[in-house]
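Each reported figure results from applying straightforward, stated rules to the coordinates on display, with no laboratory input. Bear in mind the structure is a predicted one, so any value in this text is a computation, not a measurement. Cβ placement follows ideal geometry from the backbone for every residue including glycine, while neighbour counts extend to all protein chains displayed.
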């Protein structure tokens, strides 16, 4: 059987580029493992209960210029400023889910949440891996990155303390999405946040 030429949409899936070189600061496009998100804190009768959600993988969404300025002013030895104007309070991140779990609607099953199933063999499944669904971003990692095909769910973004991320970077950093592809993710995330739901206008008979 002759080899068939790849479709353009399929070829793009293999073009994700990553970097492994470590930088001391937190960077846009960084992939971290084993991140805890504090869901809520409750106090009753002097007993404090902290509820946490553990995410196996997350990606940093905050723009790199803001992260660079924060690092320069907060930690860099070259900083000569006497204020904290460039500090950021938190970093926006989003979880990465196993694409197979997303297809089956079970990626949040450990939180006892039932998600919508996506038929991989129909249009919704094709849109998912072609990044035509505004809510999701599909990533296929190269063979030298030990992460399965994954989905970023823009609806599930949350914030993490920047000092916490820096403190765990040595043991939690996996890789970094290269500049071109991280900006593609950033643009799609911004478009998702800026969408406007218009009401249905029914014509009077």
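Structure notes:
- Under Stokes-Einstein, with the Kirkwood radius over Cα pairs as Rh, the value for region 115-173 at 4 °C and 1.567 mPa s is 93 µm²/s.
- Here is how the number arises for the chain: DSSP H runs of 4 or more residues each give -39500 (n - 2.57), the sum is divided by the residue count, and the result at 222 nm is -7500 deg cm²/dmol.
- Taken along the Cα-to-beta-carbon direction at a fixed 7 Å, the label points for residue 33 and residue 167 span 2.2 nm.
- Spin-label model distance (nm) - residue 41 vs residue 198, 7 Å beyond Cα toward Cβ: 4.4
- Subtracting the Cα-Cα distance of residue 49 and residue 101 from their residue separation scaled by 0.36 nm leaves 15.7 nm.
- Pairwise label distance in nanometres, residue 77 with residue 144, each label 7 Å out on the Cα-Cβ vector: 3.0
- Taking the chain and dividing mean pair separation by its residue count, relative contact order in percent (alpha carbons under 8 Å, at least six apart): 27
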